[in-house]
Amino acid sequence: MSDESAEEKPGDTFEDKRGPRVKGKHRKEKPWDHDGINHWEVQPFKKEENPSGLLEESAFATLFPKYREKYLREVWSAVTRALKEHGVACELNLVEGSMSVRTTLKTYDPYIILKARDVIKLLARSVPAPQALKVLEDDMQCDIIKIGGLIRNKEKFTKRRQRLIGPNGATLKALELLTGCFILVQGNTVAAMGGWKGLKQVRRVVEDCIKNIHPIYHIKTLMIKRELAKDPTLATENWDRFLPNFKKKNVKRRAAVIKPKAPYTPFPPAQPLSKVDRMLESGEYFLTKDQQAARARMAKSAAQASKTDERKRKREAEFVAPKEEAGARGRDVERFSST
């Protein structure tokens, strides 16, 4: 190579020396990854993938209300058998009113302890044991939505919670069918079980209902989306033009009457006169009891006399003849004479 060719030109840049930049040139083909793979699918965790088990013990505990004690004692043997299949130990403490789960040497799935924690949480929130044990499946998740702190007024909270349930549980049943989730309203919480997509929809509907947005709006939207999902031609299009747009209607309220403020004065208002002060001003304080009684009789008789005169004037006014116009009287006279 000659020295002239190796010489740098004054207009050359760093990119000119390295050549044109190619985007993504380090990306290589991945034969194990193709379009036929569903990346959202949850693969089951088998014992062969972790034969040595876990190194540390993990444990969770939760309290349960007193009224759940009888039911938990009845179903605890079934819960113990279901958790034992996954290598998880459980304990029911009736003295402290708590349930606890922990891993053992036979536990091979590191995530199963979190599933067991969700089981005892659902049992404490009045979910039936057969339904709560479904959380141990890989494709089943749960969400406990706290609704007690979203509104302060207890009456409004009770009415909106009942609105979420609906008449004879119709609204809750419609939500379960549209989202594919199990929903249970209990006290200040709502327990939901299902897939991630359905749980997200349930949380939104529940929180909006407590914030005074009726669930029927969400139900209509979910029904339209369910029908649109059946059409493969609309899979890549925007669905906003098909979805209803509900406008918020504010009820007109009375305008608040603003009272004009009195001019500011640093001095406090005058003390109102007491009963004794008013008697001293009128001189009644110095009268004897007989004089006060006589004065009260005189005031009563004067009031009665004024009432009597007023009633008499009203009775006499009924017998006073009305005034007639002069022209009308003359026409009556002419009519009488012509007859």
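Bear in mind these aren't lab numbers, they're just calculated from the coordinates by the rules spelled out. The structure presented is a predicted model; accordingly, all values stated were derived computationally and were not measured. Quick reminder, even Gly has a Cβ in these numbers, built from the backbone with ideal geometry, and neighbours come from all protein chains shown.
A compact table of results
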| item | result |
| --- | --- |
| Nearest-20 debye value, the chain charge dipole, Cβ charges on Lys, Arg, Asp, Glu | 2680 debye |
| Per-residue Cβ neighbour rank within 10 angstrom, fewest leading, HIS26, HIS86 | HIS26, HIS86 |
| Net charge dipole size for segment 44-138 [Lys, Arg +1 and Asp, Glu -1 on Cβ; Debye, nearest 20] | 380 debye |
| ³J(HN,Hα), Karplus 6.51/-1.76/1.60, whole Hz, each residue of segment 235-249, x for Gly, Pro | 5, 9, 9, 7, 9, 4, 6, 8, 7, x, 10, 7, 8, 7, 9 |
| Cα-Cα pairs of segment 44-138 separated by more than 18 Å (percent) | 41 percent |
| For THR189, residues with placed amide H under 5 Å, excluding near neighbours | ILE147 |
| Descending principal axes extents, segment 135-174, alpha-carbon based, whole Å | 40, 25, 10 |
| Projected-area average for segment 139-245 over all orientations - Cα convex hull basis, square nanometres | 7.4 nm² |
| LYS115, LYS25, LYS220 arranged by Cβ crowding within 10 Å, fewest neighbours leading | LYS25, LYS220, LYS115 |
| Selected from TRP76, PRO128, GLN162, residue furthest toward positive end of dipole (segment 63-162; charges at beta carbon) | GLN162 |
| Kirkwood-type radius of the chain, with distances r between different C-alpha atoms, in Å | 31.2 Å |
| ARG152-ALA170 pseudo-label distance in nm [points 7 Å out on the Cα-to-Cβ vector] | 3.5 nm |
| Rough spin-label spacing in nm, given labels placed 7 Å along Cα→Cβ, for ASN238 and GLU310 | 7.6 nm |
| About the Cα centre, charge dipole magnitude for segment 215-289 (Lys/Arg +1, Asp/Glu -1 at Cβ), debye | 280 debye |
| Summed side-chain charge close to ALA317 - residues other than ALA317 whose Cβ falls under 14 Å, Lys, Arg +1, Asp, Glu -1 | +2 |
| Ratio Rg/Rh [Cα only; Rh per Kirkwood] for segment 218-286 | 1.73 |
| Viscosity 1.567 mPa s, 4 °C: Kirkwood-radius Stokes-Einstein D of segment 255-307 over Cα pairs, µm²/s | 84 µm²/s |
| From phi via Karplus (6.51, -1.76, 1.60), per-residue ³J(HN,Hα) for segment 311-317 in Hz, x at Gly/Pro | 5, 5, 5, 5, 5, 5, 5 |
